[in-house]
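No value in this document is a laboratory result; all are computed from the given coordinates. This one's a predicted model, so the numbers in the text were calculated from it and none came from an experiment. Every residue, glycine as well, gets a Cβ built from its backbone with ideal geometry; the counts of neighbours run over all protein chains shown.
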Amino acid sequence: MDRRNFLKVVAGATVIAVSPSLIRGNLYAADGMLFSAYEKAQLVDAAGKPIKASALQKEVTYIFNYPYASTPCMLINLPKPTGKDVELTSESGEKYVWKSGVGKERTIVAYVAICTHQMTHPTPNDSFITYVPTAKKTMAYEKSGIIVCSSHLSAFDAGAGAKVLGGAATQPLNAVVLEHAADDTLWAVGILGSDKFQDYFKSFRPELKEFYGGPAEAKKLVSISAKTVKLTEYSKEVIQY
Ligand code: FES
């Protein structure tokens, strides 16, 4: 277990170090849910081969579905090391701490790619949410190297737990808690933050039926492995303003 990936959960004045892989079920702080452990899943490529952290291209948005078969998450290898121990606040005021990115240089991050404003997310048809590389411009914020939801121009800090930088979103994107193993493989182990998965399942019923066959299939928990591809392969069209 990579000790750097331990979570710190703030419960009032108490900070508790928690190893996500040791948790089954939900972890509750004194004032609400902050972290949910899910089945540990290895990130693999389209051929089923384990993804190696050192092979991830910089500033490319990759997508894998986790913790449910229909919930897309983004994986990004940032150009520089992330912040550490970033304190975040959910829209209902819960405080929690995002520990840091993983990998040799602490540059690899993963977030649920469902916008916390009105749940825009990548589909096989298109995506309005993406990481915007540092060399590109965005209308959502004064600088790039951030995550942008182009539906209503919300901007999230990719290197700081997806903290909201601007726009209509009222809380950070949920973070996927990653483990980086000694053999350079990557594993998703849980979700940090106040999630909206149940609202998502309710709001996108027809779409989930179209792409996953129905609500039961869409709500299936991912286990063992999660196929990880570039966003440009996951969605036919990526729209970014
Ligand atoms: S849905 Fe993302 S900014 Fe509105």
Checklist outcome for this item: Highest GNM mean-square fluctuation among HIS152, HIS121, HIS180, for the chain with Cα springs under 10 Å, belongs to HIS152
Item to check | Distant-in-sequence amide H partners of VAL132 (H built 1.01 Å from N, under 5 Å) | outcome: GLY145, ILE146, ILE147, VAL148
Item to check | For the chain, size of Cβ-based charge dipole, Lys and Arg +1, Asp and Glu -1, in debye | outcome: 320 debye
Next on the checklist: With the cut-off at 1.5 for a/c, could you classify the chain from its C-alpha gyration tensor as rounded, prolate or oblate?
Outcome noted: rounded
Next on the checklist: Between SER100, SER90, SER203, where does the largest GNM mean-square fluctuation fall for the chain, given springs only between Cα atoms within less than 10 Å?
Outcome noted: SER203
Checklist outcome for this item: Per the helix-only model, the chain has a calculated mean residue ellipticity at 222 nm (DSSP H runs of ≥4, -39500 (n - 2.57) each, divided over all residues, rounded to the nearest 500) of -2000 deg cm²/dmol
Checklist outcome for this item: For TYR38, the residues 5 or more places away or on another chain with a placed amide H closer than 5 Å to its own amide H are GLY190, ILE191
Checklist outcome for this item: Within the set ILE114, ILE191, ILE224, GNM on the chain using Cα springs under 10 Å gives the largest fluctuation to ILE224
Item to check | By average C-beta atoms within 10 angstrom, highest first, the peptides 62-70, 231-239, 181-189 | outcome: 62-70, 181-189, 231-239
